[in-house]
Amino acid sequence: MPLGETSKSPSLQRLRDFASEIVFNPEARPLTESELIPLLSGCDGCIAGLDYFTANVIESAKNLKVISRFGVGYDRIDAEAARRKNIAVCNTPGANAKAVADHTFALLLSAARDVHTLDRKTKAGQWPKSSGIELTNKNLGILGLGSIGKEVAIRARGFSMNVFAYDPVIDNDFVKTNNIISTDFDTVIREADFLTLHMPLTPETKYVISSDVFKVMKKGAFLLNTARGALIDNAAAYEFLSSGHLGGFGLDVYEDEPPPRLPFFDLENVVLTPHVSANTEEAKENMARMSVQNLIEVLSGSQCRNIVN
């Protein structure tokens with residue numbers, strides 16, 4: 001499970017009181033198929049981080065009744081395999097929304113003002129000059145106006161940005177209250193000075209940000225991704241970053257994690273973090289509390305409102 005064995009979280013203590021035995025992740029990183037299979041032997045429930053729950057993993061877990069995600073996205077869980085075995089898949093909606101929204105703006109501000117490069121050069125004894133971009137009256141495009149996208153929109157209004165948003169299921173009350181321009185996907189892409197992704201990864205959204213999309217974006221626009229790495233075609237991103245058409249790139253997520261060294265790693269208009277956007281003390285405790293609650297509800301036969309599959 002994502003909580004360490006020595007964690008002082010009250011949620012871990014609650015789980016200890018409920019379960020006769022707890023098996024911990026020994027690697028402190030997402031586990032692969034071959035690593036998960038022996039660990040899950042005999043387990044009735046699992047609190048999952050970003051581990052790879054393939055069909056083979058699920059088929060081999062003879063006693064498993066629930067996979068409770070320590071987070072929101074569940075694209076690394078073979079949902080169809082879980083459905084076939086009547087294994088409940090749960091998540092923790094909204095638990096890390098504020099944390100991820102804060103980190104999105106950390107990337108945005110760093111990209112807009114070149115903070116990451118200036119920090120490195122100043123520490124190296126240089127005294128560089130840099131002309132950044134102000135956020136006031138700029139257009140922020142949000143793809144995915146769920147709990148995280150909404151928190152990003154609220155922060156953007158604090159910077160006096162114009163917010164354009166696309167979501168196939170839009171919250172009209174939120175949009176109206178927060179003066180958001182709800183529009184179609186193409187318009188968001190075309191109008192954005194800063195484009196931020198908060199969409200789930202599905203077969204339909206994989207590589208949704210492609211060469212065709214980059215061509216439509218404003219010259220000099222910035223792209224931010226704290227959702228899932230495979231939403232972006234990295235080869236296309238490198239091409240448009242190198243040409244200067246894409247002004248900057250802020251990335252916290254990768255198609256493979258940890259990623260191989262990608263071509264854009266050496267570009268100065270790129271700021272990278274290692275999938276830590278949800279890692280605040282507050283968000284981690286929220287996710288722990290909800291994921292433990294979900295697991296206990298399913299295994300106790302109680303109603304669980306956060307079952308997604």
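Laboratory data are not the source of any read-out in this text; all were calculated from the coordinates shown. Given the structure is predicted, the values throughout are model-derived calculations rather than measurements. A quick note on method: Cβ atoms are made from the backbone with ideal geometry, for glycine too, and the neighbour counts reach across all protein chains shown.
Residues whose amide H falls under 5 Å from that of CYS43, counting only those 5 or more places apart or on a different chain, are ASN63, with hydrogens built in the peptide plane.
For region 177-224, the pair-distance distribution built from all alpha carbon pairs, in bins 10 Å wide starting at 0, is 22, 55, 21, 1 percent. Work out, in µm²/s and without decimals, the Stokes-Einstein translational diffusion coefficient of region 97-272 at 10 °C, 1.306 mPa s, Rh from Kirkwood over C-alpha pairs. Rounded, D is 97 µm²/s. Rounded to the nearest 20, the size of the Cβ-charge dipole of the chain about its Cα centre is 540 debye, with Lys and Arg at +1 and Asp and Glu at -1. In this entry, the chain is assigned a mean projected area of 17.3 nm², taken as a quarter of its C-alpha convex hull surface. Hydrophobic long helices, here whole DSSP H runs in the chain with Kyte-Doolittle means of at least -1.0 and Cα atoms spread over 18 Å or more along the helix axis, are found at 97-113, 281-300. Partner lysines whose Cα lies under 18 Å from the Cα of LYS85, excluding those fewer than 8 positions away in the same chain, are identified as LYS62, LYS65.
Could you work out the relative contact order of the chain? I mean the mean sequence separation of Cα pairs under 8 Å and 6+ apart, divided by the number of residues, in percent. The partial results should precede the final answer.
Working: 564 pairs, mean separation 62.0, N = 309.
Relative contact order for the chain comes out at 20 percent.
The relative contact order of region 97-272, computed from alpha carbon pairs under 8 Å that lie at least 6 residues apart in sequence, is 21 percent. Secondary structure note: in the chain, about 5% of the DSSP beta bridges are antiparallel. When +1 charges are put on Lys and Arg Cβ atoms and -1 charges on Asp and Glu Cβ atoms, the dipole computed for region 97-272 relative to its Cα centre reaches about 600 debye. Highest mean first, the peptides 192-199, 166-173 sorted by other C-beta atoms within 10 Å per residue fall in the order 192-199, 166-173.
Tally Lys and Arg at +1 and Asp and Glu at -1 over the other residues with C-beta under 14 Å from the C-beta of ASP75: what net charge comes out? Result for the local shell: -3.
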